[in-house]
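Notes follow the structure.
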Amino acid sequence: NAGVTQTPKFQVLKTGQSMTLQCAQDMNHNSMYWYRQDPGMGLRLIYYSASEGTTDKGEVPNGYNVSRLNKREFSLRLESAAPSQTSVYFCASSEVGSNEKLFFGSGTQLSVL
Amino acid sequence: EDQVTQSPEALRLQEGESSSLNCSYTVSGLRGLFWYRQDPGKGPEFLFTLYSAGEEKEKERLKATLTKKESFLHITAPKPEDSATYLCAVQAFGGGFKTIFGAGTRLFVKA
């Protein structure tokens with residue numbers, strides 16, 4: 001059982017380049033999330049999708065867009081990468097959404113030069 | 001503003017030396033408090049959920065407790081394999097789907 005799968009694991013971008021982080025879960029969860037993790041700070045929510053067909057902004061959405069492609073897949077797009085977006089990105093999913101534990105992928109380490 | 005603060009930032013223990021990690025929280029109304037374990041290069045892994053003051057949960061050498069203002073993760077007779085970062089997180093009533101995480105405590109257990 002794979003759980004939550006993220007690709008790629010590592011990525012280096014130049015300022016201004018774009019890229020999409022992919023995430024898929026095989027647990028039939030309704031809700032999916034994108035977080036970023038920076039040293040000395042807690043995980044911060046970028047965007048989430050409570051259910052298929054819906055997306056909402058989290059705490060730090062600026063510079064990002066998301067797409068809930070279907071129930072399994074939730075992608076995160078950086079249209080014009082900036083050095084401030086250097087971080088580790090985690091995708092997560094949960095059964096119902098609120099008040100439920102999160103299942104995380106293994107992360108994408110992104111560096112923007 | 002809802003907030004989670006964890007202390008200490010890092011903790012070094014000898015194998016067998018019991019200790020506790022602290023998580024202080026400020027929320028308008030606590031819906032749930034979560035503990036996760038994160039190993040280097042991996043995503044967080046769920047450990048416990050606590051819902052009300054006085055509640056306790058145990059798993060192997062770990063025990064989580066909850067009061068109205070803080071939670072403790074007690075580690076009894078730790079082993080080197082317990083070395084990891086432990087994250088505390090809260091969900092608040094009215095907070096929708098948002099889980100607020102603390103910065104974590106890095107635990108090092110030396111054999």
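Do we find a residue being β-branched (Val, Ile, Thr) and either surrounded by 18 or more Cβ atoms within 10 Å (Cβ to Cβ) or more than 11 Å from chain A (Cβ to nearest Cβ) (or both) anywhere in the range B:94-104? Before the answer, list the steps.
Taking the range B:94-104 first, the residues β-branched (Val, Ile, Thr) are B:99-100.
Applying the additional criterion that residues be either surrounded by 18 or more Cβ atoms within 10 Å (Cβ to Cβ) or more than 11 Å from chain A (Cβ to nearest Cβ) (or both) yields B:99-100.
So far as the range B:94-104 goes, yes, one or more of its residues are β-branched (Val, Ile, Thr) and either surrounded by 18 or more Cβ atoms within 10 Å (Cβ to Cβ) or more than 11 Å from chain A (Cβ to nearest Cβ) (or both).
Given the criteria at pLDDT 90 or above, farther than 26 Å from B:PHE48 by Cβ and over 10 Å from the mean Cα position of the chain (by Cα), does A:ASN30 qualify?
Criteria not met by A:ASN30.
Looking at the range B:13-39 only, could you name the residues that are of a type in the set (D, E, K, R) and over 19 Å from B:LYS79 (Cα atoms)?
The answer is B:ARG31, and nothing else.
Tell me yes or no: at least one residue of the range B:98-108 is assigned to a loop (DSSP other than H, G, I, E, B) and modelled with pLDDT under 95. Walk me through how you get there before you give the answer.
Pass one, the range B:98-108, residues assigned to a loop (DSSP other than H, G, I, E, B): B:98-99, B:102-104.
Among the residues that remain, those that are also modelled with pLDDT under 95 are: B:98-99.
Yes; the residues of the range B:98-108 include at least one that is assigned to a loop (DSSP other than H, G, I, E, B) and modelled with pLDDT under 95.
Only one residue in A:MET32, A:MET41, A:MET27 is within 14 Å of another protein chain (Cβ to nearest Cβ), of a type in the set (A, V, I, L, M) and buried (at least 17 other Cβ atoms within 10 Å of the Cβ). Which one?
Exactly one of A:MET32, A:MET41, A:MET27 is within 14 Å of another protein chain (Cβ to nearest Cβ), of a type in the set (A, V, I, L, M) and buried (at least 17 other Cβ atoms within 10 Å of the Cβ), namely A:MET32.
So for the range B:50-64 (the condition being assigned to a strand (DSSP E or B) and under 17 Å from A:GLY42 (Cβ atoms)), does at least one residue qualify?
Within the range B:50-64, not a single residue is assigned to a strand (DSSP E or B) and under 17 Å from A:GLY42 (Cβ atoms).
Which residues, taken from the range B:1-25, are over 15 Å from the mean Cα position of the chain (by Cα) and assigned to a strand (DSSP E or B)?
B:ARG12, B:LEU13, B:GLN14
Among B:SER24, B:SER71, B:SER83, which is the only one that is farther than 22 Å from A:VAL88 by Cβ and open to solvent by 20 Å² or more (accessible area, probe 1.4 Å)?
B:SER24
Just checking, which of B:TYR86, B:TYR36 is closer than 12 Å to B:PHE108 by Cα, modelled with pLDDT of 95 or more and within 10 Å of the chain's Cα centre (by Cα)? Walk me through it before giving the result.
Numbers: B:TYR36 fails: closer than 12 Å to B:PHE108 by Cα.
Answer to the check: B:TYR86.
Check B:LYS59 against each of (1) away from every other protein chain (no Cβ under 14 Å); (2) open to solvent by 60 Å² or more (accessible area, probe 1.4 Å) and name the one condition it does not meet.
Result: B:LYS59 passes all but (1).
The values are calculated or read from the model by the stated rules, or taken from the named source; none is laboratory data. Note that this is a predicted model, so its numbers are computed, not measured. Please note: Cβ atoms are built from the backbone with ideal geometry, for glycine as well, and neighbour counts cover all protein chains shown. Heads up: the accessible areas ignore ligands, DNA and RNA and are worked out on the full protein's heavy atoms, side chains in. Shrake-Rupley method; radii C 1.70, N 1.55, O 1.52, S 1.80 Å.
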